[in-house]
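Enquirer: Let me give you the structure first, and then I'll get to my questions.
The values are calculated or read from the model by the stated rules, or taken from the named source; none is laboratory data. The structure displayed is predicted, hence computed values, not measured ones. For neighbour counting, all protein chains shown are included, and Cβ atoms are generated from backbone atoms with ideal geometry for every residue, glycine included.
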Amino acid sequence: MKKDLFSESERLADITKSLRRTFELWGYREVFLPTIEEFSEQLRKGTKFAYNNEFYVIKPDLTSQILANLKEPRKLKLYYISEVLNGGIRGEWQAGVEFIGGEDIKMQVEVLLTVITSLEALGIEDFYIDVGSLKVWERAIEGIEEFKAEIFKALTRRNFEIIERLPINEEKKEELWQLFNFRGKSCEYEKLNKIIDAVGDERVFIDFGTIRPLPYYSDVIFEVYSPKIGKPLGGGGEYTFKGVSAFGFAFDLNALSKLFDGKIEKSRKKIRGELKEAYKLARELVKLGIPVEVGE
Amino acid sequence: MRFVLPKGRLFKGSLEILRKAGIELKPPENRELMVKNGRYELLLARAFDVPVYVEYGIDVGIAGSDVVEERESDVLVPLELPFGKCRLSLAMPKENAVSVEEMDGFRIATKYPNLAKKFFERRGVEVEVIKLHGSIELAPKIGIADAIVDIVETGNTLRANGLVEVEKIMDVSALLLVNRISQKTKFKEINELVLKIKEVVKDES
């Protein structure tokens with residue numbers, strides 16, 4: 001949080017009001033979680049402390065906290081706006097959604113569209129979403145699984161030298177190098193193609209160099225960023241909870257605050273293109289409660 | 001493209017390797033901390049802050065692996081560079097030297113509290129870590145710490161202060177750092193830079 005807590009609060013109030021609205025338009029319900037949880041291995045991040053000879057965690061990672069509180073998996077669409085601590089006393093404010101138990105592909109498409117429409121409703125149009133896949137990498141390292149840890153380290157640091165030093169054949173290294181630098185609109189992995197196609201937004205790319213180093217992700221992962229600031233706006237991915245697949249993401253509210261120009265009025269969705277198509281889209285958006293402006 | 005380089009022991013080597021890769025950055029003539037060089041901009045920062053600048057939006061930086069690990073910055077590290085080689089070590093006064101396992105309850109002075117804490121945690125030894133900003137060797141001499149965790153290049157400073165190296169914690173080298181978002185938004189430019197520096201490193205080895 002900023003030094004001037006109150007003026008920053010005004011901005012965050014506007015941002016979170018808009019996010020809540022978009023999340024609810026997509027059918028997510030807000031979840032209220034306790035500030036303090038009893039310590040468990042399942043909880044990530046948070047700040048640990050001891051009280052009456054018991055261990056507790058303050059403000060852990062929200063995805064892990066939701067899962068720790070969910071006894072049995074069922075279809076759930078949740079959102080949260082909360083501070084997350086990471087070992088210290090100052091945290092990061094996040095807003096995110098979790099879609100648990102939905103249909104494969106549909107779930108990913110819907111969450112990506114939630115991200116896009118949330119940003120647009122805030123008047124933030126200058127952003128990109130890079131979508132990657134852990135399964136593609138797992139397939140690529142079949143037969144050389146013993147080097148998995150090194151290869152993933154190379155990926156998260158984007159350091160190909162680590163892979164070059166491994167005792168694997170040149171052909172394989174070349175294949176990994178190609179994946180390392182792959183960026184485009186379609187690839188050999190049908191699942192990603194379907195997702196990208198259904199989302200249908202020119203700002204969404206397939207990028208296999210996109211790796212989010214979180215232990216629970218199982219396949220599709222993504223990162224949202226803007227050329228205007230050097231930190232990601234947020235990101236998310238697919239995970240499995242007790243055999244049920246789920247997909248979630250979180251925004252970094254501090255990053256959104258840097259891009260938000262403070263005027264929700266400006267967040268009118270500008271639509272261009274052929275008359276019939278443009279108005280068809282405008283009509284759909286208005287139905288959803290999104291202000292529109294059909295341009296020339 | 002914006003570069004942030006560390007003032008101090010890595011500065012010369014950093015300018016040199018970038019020059020060989022075709023990027024001429026002129027060091028500032030006065031006390032300026034930011035200089036424009038045509039398409040490039042050079043920022044000078046404290047070594048400890050370089051990874052933080054890169055994490056928060058400067059495109060490219062050079063910093064020691066000690067600092068990058070200590071700061072736990074979320075940056076990309078595409079290359080290890082062939083200079084700034086040294087090690088991070090645990091040292092203590094010669095006359096009281098004991099092994100790590102015997103250091104329970106010791107007070108450790110260091111510029112690297114995170115790395116020091118992690119090292120002792122891994123070994124299951126409980127110590128108290130105090131952070132200092134420089135002249136670490138002084139701490140055990142005047143009795144405010146039992147041992148230190150610090151950078152060792154030749155070992156001369158340690159010897160001059162009556163300290164011996166008990167254990168090496170990590171090897172240190174200069175690293176090329178890239179901002180995660182710049183890697184995406186300036187994909188071609190950054191990949192070219194990394195490949196050029198890689199060629200320079202290869203030619204030199």
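Enquirer: Mind listing whichever residues of segment B:158-181 are part of a loop (DSSP other than H, G, I, E, B) and under 12 Å from residue B:86 (Cβ atoms)?
Expert: Passing the criteria: only B:173.
Let's see how each residue does on (1) of a type outside the set (Asp, Glu); (2) surrounded by fewer than 19 Cβ atoms within 10 Å (Cβ to Cβ); (3) part of a loop (DSSP other than H, G, I, E, B):
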site: B:4; (1), (2), (3): yes, no, no
site: B:12; (1), (2), (3): yes, yes, no
site: B:16; (1), (2), (3): no, yes, no
site: B:19; (1), (2), (3): yes, yes, no
site: B:26; (1), (2), (3): yes, yes, yes
site: B:36; (1), (2), (3): yes, yes, no
site: B:44; (1), (2), (3): yes, no, no
site: B:51; (1), (2), (3): yes, no, no
site: B:57; (1), (2), (3): yes, yes, yes
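Enquirer: Return the pair list, or none, for Cβ contacts closer than 7 Å from residues in segment A:230-245 that are within 14 Å of residue A:204 (Cα to Cα) and assigned by TED's automatic domain parsing to the domain that holds residue A:103 to residues that are basic (Lys, Arg) and surrounded by fewer than 23 Cβ atoms within 10 Å (Cβ to Cβ), at least 6 apart or on different chains.
Expert: Pairs found: A:235/A:212.
Enquirer: Same structure, new question: I'd like the full set of residues that are closer than 14 Å to residue A:205 by Cβ and away from chain B (no Cβ under 14 Å), limited to segment A:116-138. First the steps, then the outcome.
Expert: Pass one, segment A:116-138, residues closer than 14 Å to residue A:205 by Cβ: A:116, A:127-133.
A:116, A:133, listed by residue number.
Enquirer: Moving to a separate point now. Limited to segment B:60-109, what total is found for residues that are part of a strand (DSSP E or B) and over 30 Å from residue A:164 (Cα atoms)? Spell out the reasoning first.
Expert: Filtering segment B:60-109 for residues part of a strand (DSSP E or B) gives B:60-64, B:76-80, B:86-93, B:107-109.
From what's left, over 30 Å from residue A:164 (Cα atoms): B:90-93, B:107-109.
Residues that pass the stated criteria total 7.
Enquirer: OK, next. Take residue B:82 and tell me if it is within 14 Å of chain A (Cβ to nearest Cβ), more than 29 Å from residue A:233 (Cα to Cα) and not hydrophobic (A, V, I, L, M, F, W, C). Step through it out loud before you land on a result.
Expert: Values: within 14 Å of chain A (Cβ to nearest Cβ): yes; more than 29 Å from residue A:233 (Cα to Cα): yes; not hydrophobic (A, V, I, L, M, F, W, C): yes.
When the stated conditions are applied, residue B:82 passes them.
Enquirer: Taking the condition of being away from chain B (no Cβ under 14 Å) and of a type in the set (Ser, Thr, Tyr), how many residues in segment A:191-232 meet it?
Expert: Going residue by residue through segment A:191-232, those that are away from chain B (no Cβ under 14 Å) are A:191-202, A:215-220.
Now drop any that are not of a type in the set (Ser, Thr, Tyr), which leaves A:216-218.
Of the residues in segment A:191-232, 3 are away from chain B (no Cβ under 14 Å) and of a type in the set (Ser, Thr, Tyr).
Enquirer: Considering only segment A:111-141, state which residues are over 17 Å from residue A:229 (Cβ atoms) and over 12 Å from the mean Cα position of the chain (by Cα).
Expert: Taking segment A:111-141 as the starting set, the residues that turn out to be over 17 Å from residue A:229 (Cβ atoms) are A:111-114, A:116-117, A:120-121, A:131-141.
Answer for segment A:111-141, where residues must be over 17 Å from residue A:229 (Cβ atoms) and over 12 Å from the mean Cα position of the chain (by Cα): A:117, A:120, A:121, A:133, A:134, A:135, A:136, A:137, A:138, A:139, A:140, A:141.
Enquirer: Let me ask another. Name the one entry in B:145, B:139 that is part of a helix (DSSP H, G or I) and either out of contact with any Pro (no Cβ under 6 Å at 6 or more places or on another chain) or away from chain A (no Cβ under 14 Å) (or both). Walk me through it before giving the result.
Expert: Values: B:145 fails: part of a helix (DSSP H, G or I).
Of B:145, B:139, the one residue that is part of a helix (DSSP H, G or I) and either out of contact with any Pro (no Cβ under 6 Å at 6 or more places or on another chain) or away from chain A (no Cβ under 14 Å) (or both) is B:139.
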